[in-house]
Amino acid sequence: MSNSKFRIGNLSGKGLLIAAGICVAAVGAAGYYSYTTISDKLNTELIGNNSGTLSADADEENVKDAPVDIGQTNVAKTETTAVTEKTEVPKMSAAVTTQLPKESETEKPESEAAPPAMVRPLNGEVINIFSDGELVRSKTLNVWKTHDGVDIAGEEGEKVKSMTSGTVKNVCEDQMMGVCVVIDHGSGLEGWYCGLGKDVPVAEGQKVSAGTIIGTVGNTAESEIGEVSHVHFGVKKNDKWIDPIALISGEGS
């Protein structure tokens, strides 16, 4: 009898253990189900939110890549106009313009430059012309020789003028040609004013202009003293004698 009770007690203990296990399993199952349900719900919400964000990003990319519609045409034109206005070359300011040399002030080649003003040293008659290398008879020396200039008649003491502007190169007294003033007129031109009076108002290195008084008619040229009172006027072009009258009149060079 006692053995029968013992078995029942043992069975009752196992039953309790089984019941407890079942309860634990039920609680675990319920917890797992709750976890799974909540997790699925969260994932669903997260996926929904992410899909909305991805859709917005995709829409933004599509908007960037999409061609500009009619409503945006004015905006594009406005931007283009703004760039054009910014890159437009500014006009030269008045200050810069005034610093530019005028056309008349720019240096021109010698061939294009205006010829300098020229005057005759004397207004008298030419009594002996330029021989241009030909031999002519000298009345004073009674010989045949070249006449490398012109003799212009004038009263003794009459003022002699510079043909054009230049610099006095030399003032001297030559044994044959008397008192001479040599002027460098530039551009390869050199003027010789010979047979002058001894009183010379210019000096070597002095600047002169066309018409400047450089001396007076004298009687100092021994080689031409047999002629009437005059000035012997010669011109060299690049060290070669040329016709002074032709040069002054514009007919020679």
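Considering only residues that are within 16 Å of Phe130 (Cβ to Cβ) and either buried (at least 21 other Cβ atoms within 10 Å of the Cβ) or among the hydroxyl-bearing types (Ser, Thr, Tyr) (or both), which ones fall in the stretch 151-176?
Result: Asp151, Ile152, Met163.
Suppose we filter the stretch 188-237 for residues that are under 24 Å from Thr146 (Cβ atoms), exposed (fewer than 15 other Cβ atoms within 10 Å of the Cβ) and of a type in the set (Ser, Thr, Tyr); how many remain?
Looking only at that region, the number is 0.
May I ask you to list the residues in the stretch 121-138 that are surrounded by 13 or more Cβ atoms within 10 Å (Cβ to Cβ), part of a loop (DSSP other than H, G, I, E, B) and not small (Gly, Ala, Ser)?
If the condition is that a residue be surrounded by 13 or more Cβ atoms within 10 Å (Cβ to Cβ), part of a loop (DSSP other than H, G, I, E, B) and not small (Gly, Ala, Ser), then Pro121, Leu122, Ile129, Phe130 are the ones that fit.
Name the residue, out of Gly154, Gly188, Gly218, Gly197, that is touching a residue at least 40 places away in the same chain (Cβ under 8 Å) and closer than 17 Å to Arg120 by Cβ.
Criteria check complete, one pass: Gly154.
Each value in this text was obtained by applying a stated rule to the coordinates, not by laboratory testing. Predicted, not measured: the structure shown is a model, and the values here were computed from it. Counting neighbours? That spans all protein chains shown, and the Cβs are built from the backbone with ideal geometry, glycine included.
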